[in-house]
1. Of the residues 61, 158, 103, which exhibits the maximal mean-square fluctuation in a Gaussian network model of the chain defined by a 10 Å Cα contact cut-off?
2. Magnitude of the Cβ-charge dipole of segment 2-376, K/R +1 and D/E -1, about the Cα centre, nearest 20 debye?
3. Tell me the chymotrypsin sites (Phe, Trp or Tyr not before Pro) within segment 110-186 that lie in a loop according to DSSP and have at most 10 other beta-carbon atoms within 10 Å.
4. In nm, give the distance between the simple-model label positions of residue 69 and residue 174, each being 7 Å from the Cα along the Cα-to-Cβ direction.
5. Quick check for you: which residues of segment 154-188 have the amide N under 13 Å from the point 7 Å beyond the Cα of residue 238 toward its beta carbon?
6. Quick one: of 48/366; 221/366; 109/341; 109/181; 58/202; 181/221, which pairs are farther than 25 Å apart, Cα to Cα?
7. Using 7 Å Cα-to-Cβ label points, what is the residue 223/residue 84 separation (nm, one decimal)?
8. I want to check the label-to-label distance for residue 133 and residue 295. Put each point 7 Å from Cα in the C-beta direction and report it in nm to one decimal.
Amino acid sequence: MDNLRIIFLYSYLFLLPIENWSPWGGPTDLFRPALIMAFGYIGLSFFKFRNFRISSLKAYLSPIFYLWFCLLVSSIIFFINYPSVDLTLNFTFIICVVSFWLLSNDLRKYPKLYFNFIVVVVLNGFFISLLSFFGIGIDVGYMGRESLLGNNANIIGLNVIFSFFSILYLIIENPMNISSKRYLLLLLFPFLVQTIARTGSKGALLLLMIGLFVYFTFLNKPIKFKVPIFVLGILGSLFVYSTLLENSVLSERWENFIEEGNTTGRTERWFFAWNIFLNNPLIGVGENGIEFIPSPFVGLNEPHNVYLYVLACGGIIGFFFLSLFLFRLCKNVFINYLSNKSLLPVVFLILVLMHWFKAGGGLNSKIIWIYFAFILHSGYKNRFAINY
């Protein structure tokens, strides 16, 4: 049974970046492959209660569930005051937390899962890049930006960046003791870079440059190796930067961002959420309240910033629980880095936290919570663990 459950897990991890794709319907189809794999993984987990152990995760699960409860209470209070507004329960957030919970326990139990996770990330990035390169499943949207198989261009860009740094980690740090053939992975970089460029995501470009700077600056290598690697890394980063800006869509968006501070409407949404928080500082207005309050925006009032979203919906109390979770996660990553000097979890954490500054619906992003589990257990070793 465990073997089948792990197969569902690997399939889910591979399909998650394109979770909206379905050969039988649209992004709301209940029979999307990623959703089927998720149901299989979670459903089979109930056959063994040890999959839901909380002893080692209590410090992380508690603030997350308190955050959900705080958002729920705020929504209920707003619903009582305005009965015409629908009550928001946000079960998607609960599914994200359960995924984090289960994967965290599995990463503790199965030591090979950590490196297999990295391999899946690399394979997924290559798969997405091939689809992009050959124009399969491409949708051209606003300003010529390309999305893939019905999935958001920013999410596609973010996942390709995760794959980019996973390859860099395998080549430079070589944690799996792969032979010199690992340098063949360099051949994947052009495919990944062109995919990032075609999404037109200036956020992905910014995250990539920051991630490269952090990685090559803090890389733990003897000085005789670090200096040439650092120099090559800087030259490579400049080459990647110039290559990305050869894409006219990304170049125009990046130029508008640098010269005019153009955030494609996010600044107005940030001020909107901030003003809601100032008027309701203690517990916010709930997730139903933020959508009910009149605004000049077309569509949802989502501020495209997780931190401001939590402040507006859950107030200081909700933000405290989110901050507590993130503080404990950062502390854990820092301790692990001092122990094993592995930079991949550090870079992943920086990418996720910065992504949340400009992500719409980021609190309910399943893939972000999957990466939180990976980041949390980057330094864990269990000598009684089982290999998978």
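A short reminder: the numbers here are calculations on the coordinates, not readings from a lab. Remember, predicted model here, so these are calculated numbers, not experimental data. Reconstructed Cβ throughout: ideal geometry from the backbone, glycine too, with neighbour counts over all protein chains shown.
1. The residue with the greatest mean-square fluctuation here is 61.
2. Roughly 1640 debye for segment 2-376.
3. On the way: sites: 114, 115, 117, 126, 127, 133, 134, 142, 162, 164, 165, 169, 183; in loops: 134.
The qualifying sites are 134.
4. A separation of 5.1 nm, rounded to one decimal place.
5. Under 13 Å, as judged by backbone N against the label point of residue 238, lies no residue of segment 154-188.
6. Details: 48/366 23 Å; 221/366 34 Å; 109/341 22 Å; 109/181 30 Å; 58/202 37 Å; 181/221 21 Å.
Listed pairs above 25 Å: 221/366; 109/181; 58/202.
7. 7.2 nm
8. Here the answer is 4.0 nm between the modelled labels.
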